[in-house]
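The values are calculated or read from the model by the stated rules, or taken from the named source; none is laboratory data. Everything numeric here is computed off the predicted structure, so don't read it as measured data. A quick note on method: Cβ atoms are made from the backbone with ideal geometry, for glycine too, and the neighbour counts reach across all protein chains shown. Just so you know, the surface numbers come from the protein's heavy atoms only, side chains and all, with ligands and any DNA or RNA stripped out. Shrake-Rupley method; radii C 1.70, N 1.55, O 1.52, S 1.80 Å.
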Amino acid sequence: MKVLKIDHLGIAVNSIDQGKNFWTDILGLEFEGTETVEAQKVTTAFFPVGESEVELLESTAPDGPIARYLEKKGEGIQHVAFRVGDIEAALQELKEKGVRLIDEKPRKGAGGAKIAFLHPKSTHGVLVELCERK
Ligand code: ZN
């Protein structure tokens, strides 16, 4: 597999409305608007930074993965996403290497990306997302 770049950093926030000011007003990043991914009970907001992006994540339901993360750890970096060229092949290869996968098959992420998460138990505590975009 080939990891092409860090696609984005996923940051859990209580509120995108309140959380985005640091990234826009203070750091001067561009705000690309929000997108809700109902299947993951999350609303996302992307802020491009060079070849990567900051992704803010706000929960849409109390039982969603971001709500559970905020409850346990509070606001902060929730995952790191790496861009790959072929996500199915990457997952197959990682599985063969004994990496524990949260998603055996890619699911649909924000912006029409194909995404899959690796288990933090296999990555020394980092929730890693693989991401394939056209
Ligand atoms: Zn992400």
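Structural remarks
- Looking at the chain alone, DSSP beta bridges between its own residues are antiparallel in about 75 percent of cases.
- If you take all other residues with their beta carbon under 12 Å from the beta carbon of T43, and give Lys and Arg +1 and Asp and Glu -1, the sum is -3.
- Legend: calculated FRET efficiency, I16 to V49, from the Cβ-Cβ distance at R0 = 25 Å, rounded to 0.05, equals 0.90.
- Ranked packing of 40-50, 124-134, most packed first, by mean Cβ within 10 Å: 40-50, 124-134
- Measure of compaction for the chain (Cα Rg per 2.2 N^0.38 Å): 1.03
- The share of Cα pairs per 5 Å bin across region 75-120, counted from zero up to the longest distance, runs 5, 20, 31, 26, 13, 5, 1 percent.
- Per residue solvent-accessible surface (Å²) - the chain, probe of 1.4 Å: 57 Å²
- Size of electric dipole in the chain: Cβ of Lys, Arg +1 and of Asp, Glu -1, about Cα centre, debye, nearest 20: 540 debye
- Distance between the modelled labels on V80 and L101, one decimal in nanometres: 2.2 nm (7 Å Cα→Cβ projection).
- Placing unit charges on the Cβ atoms of the charged side chains and taking the dipole of the chain about its Cα centre, the candidate lying farthest along the positive direction among I66, T36, G125 is G125.
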